[in-house]
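Enquirer: Mind having a look at this structure? Questions to follow.
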Amino acid sequence: DLRDVTQIMTKNMEDLLWRGDSLDRMSSLSDRLREDSKTFHKKAWRANLELQIRKYGVPVAIVLGFFLILYLRYKLF
């Protein structure tokens, strides 16, 4: 009877150690995932900004140039 209890306790301790190792591994994986997601977010934001500039940059520059010319024309003359 005492051997059975010893075997059960030994098995429980091994299971606890395995879970602890598994939890440490999951923690390191989640930290890595968090860092990778931050990097992805920054790169996606940058790519989106570059796309918007490419798409709307020239028309906005033309409109701003037109308003600048009008402003200077009526302000100075």
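The values are calculated or read from the model by the stated rules, or taken from the named source; none is laboratory data. Small disclaimer: the values here were computed from a predicted structure and weren't measured. Cβ atoms come from the backbone with ideal geometry, glycine included; neighbour counts cover every protein chain shown. The protein model used for the area step is the full one, side chains on, heavy atoms only, and it has no ligands, DNA or RNA in it. Shrake-Rupley method; radii C 1.70, N 1.55, O 1.52, S 1.80 Å.
Enquirer: Considering only the range 62-73, I want to know if a residue exists there that is free of Cβ contacts under 8 Å to residues at least 24 places away in the same chain, open to solvent by 100 Å² or more (accessible area, probe 1.4 Å), assigned to a helix (DSSP H, G or I) and not hydrophobic (A, V, I, L, M, F, W, C).
Expert: Yes; the residues of the range 62-73 include at least one that is free of Cβ contacts under 8 Å to residues at least 24 places away in the same chain, open to solvent by 100 Å² or more (accessible area, probe 1.4 Å), assigned to a helix (DSSP H, G or I) and not hydrophobic (A, V, I, L, M, F, W, C).
Enquirer: Looking at the structure I just gave you, is L2 among the aliphatic types (A, V, I, L, M) and surrounded by 10 or more Cβ atoms within 10 Å (Cβ to Cβ)?
Expert: no
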